[in-house]
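Notes follow the structure.
The values are calculated or read from the model by the stated rules, or taken from the named source; none is laboratory data. Just so you know, these numbers come straight off a predicted model, no measurement behind them. Every residue, glycine among them, receives a Cβ derived from its backbone with ideal geometry; neighbour counts consider all protein chains shown.
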Amino acid sequence: MYKALLIEKDGGPYRASIQQLDDDNLPEGDVTVKVDYSTINYKDGLAITGKAPVVRKFPLVAGIDFAGTVEASSHPSWKAGDKVVLNGWGVGETHSGGLAQRARVKGDWLVALPESLSTRQAMAIGTAGYTAMLCVMALQGHGLKPDSGDILVTGANGGVGGVAISLLSKLGYRVIASTGRPQEADALKALGAAEIIARDELSAPGKPMGKERWAGVVDSVGSHTLANACAGTKYRGAVAACGLAQGMDFPASVAPFILRGVTLYGIDSVMAPKELRQQAWQRLGKDLDLAKLDGMVREIPLAAAIDAGAEILAGRVRGRLVVNVNA
Ligand code: NDP
């Protein structure tokens, strides 16, 4: 038997509860993992509350990521005892997920945990932090270097935002953090932000092009914020767009793209190819200041994950929520 956060809908309203399941409930897969930690990402909040149709098969265990130890494997890459991490691939959406003490998945979906990280640290990073790394890699792949100019990070107090600030500052970039929670300015500066700007500066409808303020952007907010972020990007700069905390719309002008040669990179973590994931996790294992990461983490037991889903959607979570599924 194992404990899991189960989402049900059939024969009643959409509901989330902690249940004891037996192994017959494990989905198909060639690797069974004893989960140590999962997390609450924004998408988990949507899944747990049912505010968006993230879960598309019922009943289903929630949780888009987990870190743990392989218990049994018929996949050639994995054996019992291996430490692994999983992000995305539809886990927690169409395949039962990580908010559980046990998970069964395809071995091809797993990434080896870098030796420098514990399973708890891996989930302190979580899908939010791994996505932040994908954004940073896109900006670096574009050729942006610390002397290219500042990097704007929106949704700064969120999971993606916080890890992006920490990564970028350790790599030597000067970071401008945009936040709706100025009372958290000291925490953002401790993570490595050099300058804090108010969310309102970017979240209202703006001009097609503005003053050139930053060379690159990590945006987890979307909507007008993303449009204004593009409008303020320097000549031949780059914007990595990964989120929609403000909205899924993109009310922008083509002006920054065709007049300033700005590039907009779309960042998807769910179906990202395996090589890119392995690279991202290896880099997280060496480029992230783990002491700073620790400062942005709150650990909760599985029983608290249901309330935490509503909290993250309400924008009341700062940093990262790690779920100890065995507590
Ligand atoms: P969080 O809730 O931790 O962070 C989102 C942050 O956005 C908040 O902390 C807040 O920052 C800011 N924010 C919230 N509401 C608004 C609003 N109405 N207008 C402007 N800013 C707002 O979420 P995550 O960091 O986990 O995820 C961020 C986004 O990235 C989500 O939309 C998520 O779905 C997406 N995402 C996408 C992935 C992909 O594969 N593309 C993978 C992971 C996440 P502050 O208080 O500082 O203003």
Quiz item: Quick one: how many residues across region 185-200 are more than 21 Å from the chain's Cα centre (by Cα) and more than 11 Å from the ligand (Cβ to nearest atom)?
Solution: 3
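Condition check ((1) among the aromatic types (Phe, Trp, Tyr); (2) more than 16 Å from Gly266 (Cβ to Cβ); (3) in a loop (DSSP other than H, G, I, E, B)) across all residues:
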site	(1), (2), (3)
Leu167	no, yes, no
Tyr173	yes, yes, yes
Ala177	no, yes, no
Glu184	no, yes, no
Lys189	no, yes, no
Ile196	no, yes, no
Pro205	no, yes, yes
Lys234	no, yes, no
Gly243	no, no, yes
Practice problem: Note down all Cβ pairs under 6 Å where the first residue falls in region 170-184 and is within 16 Å of the ligand (Cβ to nearest atom), the second is part of a loop (DSSP other than H, G, I, E, B) and of a type in the set (Val, Ile, Thr), and they're at least six residues apart or on different chains. | Solution: Ser178/Thr154
Quiz item: Exactly one of (1) part of a helix (DSSP H, G or I); (2) within 16 Å of the ligand (Cβ to nearest atom); (3) under 16 Å from the mean Cα position of the chain (by Cα); (4) loosely packed, with under 14 Cβ neighbours inside 10 Å is unmet by Met271. Its number?
Solution: (1)
Quiz item: Is it true that some residue in region 221-239 is of a type outside the set (Asp, Glu), buried (at least 22 other Cβ atoms within 10 Å of the Cβ), in contact with a Cys (Cβ under 6 Å, 6 or more places away or on another chain) and farther than 16 Å from Thr127 by Cα?
Solution: yes
Quiz item: Any idea which of (1) surrounded by fewer than 20 Cβ atoms within 10 Å (Cβ to Cβ); (2) at pLDDT 95 or above; (3) not hydrophobic (A, V, I, L, M, F, W, C) is the one Pro53 doesn't satisfy?
Solution: (2)
Quiz item: Is it true that Gly155 is at positive phi and under 14 Å from the mean Cα position of the chain (by Cα)?
Solution: yes
Quiz item: Residues of region 101-112 being under 19 Å from the mean Cα position of the chain (by Cα) and touching a residue at least 60 places away in the same chain (Cβ under 8 Å), which ones?
Solution: Leu110, Val111, Ala112
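Output the residues belonging to region 76-123 that are within 16 Å of the ligand (Cβ to nearest atom) and over 24 Å from Ala52 (Cα atoms).
Once the filter is applied, which keeps residues that are within 16 Å of the ligand (Cβ to nearest atom) and over 24 Å from Ala52 (Cα atoms), region 76-123 yields Val85, Trp109, Val111, Ala122.
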Quiz item: When region 124-152 is examined, which residues are found to be within 16 Å of the ligand (Cβ to nearest atom), more than 15 Å from the chain's Cα centre (by Cα) and either part of a strand (DSSP E or B) or of a type in the set (S, T, N, Q) (or both)?
Solution: Ile151, Leu152
Practice problem: Would you check if there is a residue in region 285-300 being at pLDDT 95 or above and in contact with a His (Cβ under 8 Å, 6 or more places away or on another chain)? | Solution: no
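Limited to region 299-315, what total is found for residues that are outside any helix (DSSP H, G or I) and away from the ligand (no atom under 12 Å from the Cβ)?
Qualifying residue count, region 299-315: 3.
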Practice problem: Scan region 242-267 for residues that are free of Cβ contacts under 8 Å to residues at least 60 places away in the same chain and within 14 Å of Met133 (Cα to Cα) and jot them down. | Solution: Gly266
Exercise. Kindly provide the set of residues from region 274-290 that are exposed (fewer than 14 other Cβ atoms within 10 Å of the Cβ), more than 16 Å from the ligand (Cβ to nearest atom) and charged (D, E, K, R), ordered by number.
Key: Glu275, Lys286
Quiz item: Got at least one residue in region 227-240 being under 23 Å from the mean Cα position of the chain (by Cα) and near the ligand (Cβ under 9 Å from one of its atoms)?
Solution: no
